[in-house]
Structures are given as structure tokens and as C-alpha cells.
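The structure under discussion appears below in the form of C-alpha cells.
The values are calculated or read from the model by the stated rules, or taken from the named source; none is laboratory data. Owing to the predicted nature of the structure, the values given are computational and were not obtained by experimental measurement. Ideal geometry is used to build each Cβ from the backbone, glycine not excepted, and the neighbour counts take in all protein chains shown. These area figures cover heavy atoms from the full protein model, side chains too; ligands, DNA and RNA do not enter into them. Shrake-Rupley method; radii C 1.70, N 1.55, O 1.52, S 1.80 Å.
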Amino acid sequence: QLDVDAWKAAAPSPARSHLQAMSKWVEEEIETGLRVGYRLKKILDSSQSEFQTVDLVDLEPFGRTLMIDGLIQSTQCDEFVYHEALVHPALLAHPNPRSVYIGGGGEGSTAREVLRHKSVERCVMVDIDADVVTFCKDHLPENAAAFADPRLELIIDDAKAVLEKEQNGFDVIIMDLDDPLEGGPCYQLYTTEFYEMLRSKLNPGGIFVTQAGAAGIKQHRLVWSPINSTLRAVFPAVTAYKHAVYSFLDEWGWHMASDSAELVAPLTPAEVDARLKERLVGETTFLDGVSYPGLFSLSKTHRATLAAESLVMSREKGTFSFMHNQGLCVAKAGK
């Protein structure tokens, strides 16, 4: 189970975390010694859930922005980059994905991209925070069709507990979880124990994909490479990839894993374009046969890091690696 009680106890109060109406700038700590500020044009709405604070704001550089506990989660200008990169490589790699499990993904964008695949018959999305899901239903119209799709089974619960109890296997499992933060609710879902259970829930020929945190030239060693090493301790085949996400101010990383190396090997540009045309409803905004190979074009530095990485994260052994905990943003008055 997630350490939900500890997460609730540490949750900020509305007075501390809500953005102030008269504030002009939102400040975020990206890493120790590096803070950035965004001009705040308007606070569109705010809510306090049982677990966290949710704000929908208009930031000058990014447009409409979803923030949780004062930290940017997704923005109007580039959320499609993250979600298309998370979803489509795995679903395009699978020959006929019919059943998909999403852990997290409360805003609905991951489900939106999954449900664009005509072959998908069942999509189970499990998020622990009902208030965040409701907030996003109310404020993100681009995801309204996904939430209303009869193929979507939305469950408000612990993603690990629901998956453990699931009797039917899945063709693709997607983990769109919070980053592994020390004391956070999700770091134990990046361990061998969790991945071994998850592997048992994949149908034969199934594919697992997870978001894996910052993957830029400096930050990729924090969790992106340890997650890769941890997956390689469980799955015979693991493929790492990454891409810049402008609003995250870094490259972001993902990993695909399977029992079959052939399934998680990158497709050719022609295969990507053909499968997108055949399988998807509508057009992608970011991903196509030309952009797809760039996801897998890792730098020499990144490849060396993956080859040398030895940390395997394990709850039983107490071996973990964490992203920098940015803490709450500071909303500052300014001109």
C-alpha cells in the first residue's frame, strides 16, 4: 500500500499553498541553487483536496497551467508532448492493444491518448485523489470526451492495491505517477517488488511503460537511470527514451519494458506513420515518424550512465533514489 497516511499528514494547508490573488510571480525551485519565476496573469480556480492543493492558473509563458502543491503538472502549451510520448510508443509497439491499465493520470490526458487507439476495448484508470479528478473534469475540456468514454473505468483508489487485485491481465500498463520523492506517496512504486507484481499482470506479449523523471544532461542520474536499472532487474528487455518538455525546464524520461526485446525495440519512421494512420482517431500534435526516432537518440553521456548504473531500488533492501523535492512554490508580488 502507498504511505497515504504520512502523505496526508504532510499535506500543506490552504493558507500556505494557495496562490494569492495579488501575487504577480510564481517561483519554483528546480534544484538546489536554481529557482525560476513565471509571471502569473490570472488564478482561474483553486481547490484543496484531502491530499493536496490544486490550482488552475494562467501563466504568461505557458498559458493555462495545472499546478499541484504549487508545482507545475502540465500546461496548455506542451502537455501533449509529455502525454503523447508516454502513451503512443508503447501502444504502437503492441500488435493489438485491447486492455490498458493507467496508474495515476488524474488529469485525464493519459486516458485521452490511450482512448484514441481504436483497438482499445478497456481502459482502467486508477487515481487516489477524487477531488483532483473532479477538478480536472470540470476545468480541462480537452479531456471531457475521455472521461465520458464508456471504455474508461475510473477508479478512485490506490493504484498498487487495485492492480494487485485485478484478475484480468493487461496488454499495456502505464504508470503516470508522481516522481519518486523522499517521503512522497509513490517512491515505493519504482521498486523491484512493485515491478515484479506488475509484470505478473501483463498479458503474454504485454508492454509496461513508466514516466521516469528528469532526464537532462545533469539530472538524469537522479532517478531516470536508477529506474532503468531497476526495471532491467525484473524485465528481460527495457528501452529508455526522453524528450524536452519546455514547461518542465528539462528533458523528461520514460522507460518501456517487456519480456520481448522485439516489442520494445524502436519502430522505423514508416512503421510509426503507418500505425498512427491505421490505429488512431484524429491526428497527433507532436509524435510522428520523423519525431519518433529522436525520442530514442540518447547522447553518449546518457548511454554511458545507463551502462554504468548499478542501483536497483528495492523496498525490502531499503535502496532508493529520489528526485529533488521542490517543495511549495512561493507566490511573490511584483511589477
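Subtracting the Cα-Cα distance from 0.36 nm times the residue separation, let me have the gained length for Lys300 to Arg98 in nm, one decimal.
69.1 nm
D for segment 104-248, whole µm²/s, Stokes-Einstein with Kirkwood Rh over alpha-carbon pairs at 10 °C and 1.306 mPa s: what number?
The Stokes-Einstein estimate is 97 µm²/s.
For the chain, what are the DSSP H helices with axial Cα length of 20 Å or more and mean Kyte-Doolittle hydropathy of at least 0.0?
TM-like helix candidates: 79-93.
Could you tell me the relative contact order of segment 71-219? Use alpha-carbon pairs under 8 Å, at least six residues apart, and round to a whole percent.
Taking the mean separation of contacting Cα pairs over the length of segment 71-219, I get 26 percent.
Tell me the Kirkwood radius of segment 177-255: reciprocal of the mean inverse pair distance over distinct alpha-carbon atoms, in Å.
With all distinct Cα pairs of segment 177-255 included, I get 13.1 Å.
Mind checking the dipole of the chain: about its Cα centre, +1 per Lys or Arg Cβ, -1 per Asp or Glu Cβ, Debye to the nearest 20?
Here the chain has a charge dipole of around 620 debye.
Provide the gained length on full extension for the span Met197 to Lys118, in nm with one decimal, where the gain is 0.36 nm per separating residue minus the Cα-Cα distance.
Full extension from Met197 to Lys118 adds 25.6 nm.
7 Å from Cα along Cα→Cβ at both Ala144 and Asp157: what's the point-to-point distance in nm?
3.0
Mind jotting down a quarter of the surface of the convex hull over the alpha carbons of segment 47-91, in square nanometres, one decimal?
3.9
Protein chains only, probe 1.4 Å: how do Thr268, Thr75, Thr319 rank by accessible area, largest first?
The ordering from most to least exposed comes out as Thr268, Thr319, Thr75.
Across segment 161-313, how many lysine pairs, 8 or more positions apart or on different chains, have C-alpha atoms separated by under 19 Å? Please give the number.
Step by step, the pairs that qualify in segment 161-313 add up to 4.
Could you check how many percent of all C-alpha pairs in segment 196-301 are farther apart than 17 Å?
59
Please report, as a whole percent, how much of the solvent-accessible surface of the chain comes from carbon and sulfur atoms (probe radius 1.4 Å).
Ligands and nucleic acids excluded, carbon and sulfur reach 51 percent.
Send over the semi-axes of the chain's equivalent ellipsoid, whole angstrom and largest first, taken as the square roots of 5 times the C-alpha gyration tensor eigenvalues.
Taking √(5λ) for each Cα gyration eigenvalue gives 29, 22, 21 Å.
What would the Debye formula give as log10 I(q)/I(0) at q = 0.10, 0.17, 0.19 Å⁻¹ for the alpha-carbon point model of segment 53-165, no solvent?
Each listed q corresponds, in turn, to -0.29, -0.84, -1.03.
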